[in-house]
Amino acid sequence: MAANQVGKTIAGGAEVAFHTTGLYPDWWPGRRFDRPTNWWCASVTSDATRDNVQAKLIGPPAQEDAFGTGFIPKSRLIDWDRAQGTVNLLDNATVRHVSGGISTIGFKSYSQERQKWQGPTLDGVWFDEEPGMDLYMEGLTRTNAVADSVVFLTFTPLLGMSSVVRMFLGEDGMK
């Protein structure tokens, strides 16, 4: 949680790329996966997911020949499927992990509502911008069965002391 335009989405994209490729920088102090991972990465709308999350991970959404210029290198990007309904939005991408296995990234949006967030078990969820509590809890539920799972949010608290912000800061905002 930080101010606008200070690099939150950049940091989120880098972290998802580390976990899906297994290419961790020497200085990385966080969790490391020695196996392929399955992720959902999302933002408020499909357009926002495409223009921010997908662009940081994969590269310019409208330039398929530039895929692999985001945080996931071209040499690791195996394949992708286009989503329907939003121009240049990807539904998913597959990524070669250094272990030899294949990681997956599903691109979601909050406008899909909670029911479209049910189902699979995931290693990680990245919420770029603040979700409602129902989506946050559903995303968190997707990782319950994975002991070393990762869930993180990159957002500016534009909604003020929402239930999501209060959960992290405490009722009085001073956790």
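The values are calculated or read from the model by the stated rules, or taken from the named source; none is laboratory data. Remember, predicted model here, so these are calculated numbers, not experimental data. For neighbour counting, all protein chains shown are included, and Cβ atoms are generated from backbone atoms with ideal geometry for every residue, glycine included. What goes into the accessible areas is simple: the full protein's heavy atoms, side chains included, and nothing from ligands, DNA or RNA. Shrake-Rupley method; radii C 1.70, N 1.55, O 1.52, S 1.80 Å.
List of remarks:
- Three-way shape label, the stretch 1-74, alpha-carbon gyration tensor, a/c 1.5: oblate
- The HN-Hα couplings worked out from phi for the stretch 56-68 by the Karplus form 6.51 cos²θ - 1.76 cosθ + 1.60 (θ = phi - 60°) are 5, 7, 9, x, x, x, 8, 10, 4, 5, 9, 4, x Hz, whole numbers, x standing for Gly and Pro.
- Average accessible surface area per residue within the chain, 1.4 Å rolling probe, Å²: 49
- The chymotrypsin sites (Phe, Trp or Tyr not before Pro) of the stretch 1-84 that DSSP puts in a loop, and whose beta carbon has at most 13 other beta carbons within 10 Å, are 27.
- Panel note: the C-alpha atoms of the stretch 69-116, placed on their principal axes, show extents of 34, 22, 16 Å (largest first).
- Global form of the stretch 60-145, assessed from the alpha-carbon gyration tensor, a/c cut-off 1.5: oblate
- Within the accessible area of the stretch 66-175, the carbon and sulfur atoms contribute 52%, probe 1.4 Å, all protein chains present.
- Taking a ≥ b ≥ c as the square roots of the eigenvalues of the Cα gyration tensor, the stretch 98-158 is classed as prolate, since a/c reaches at least 1.5 and a/b is larger than b/c.
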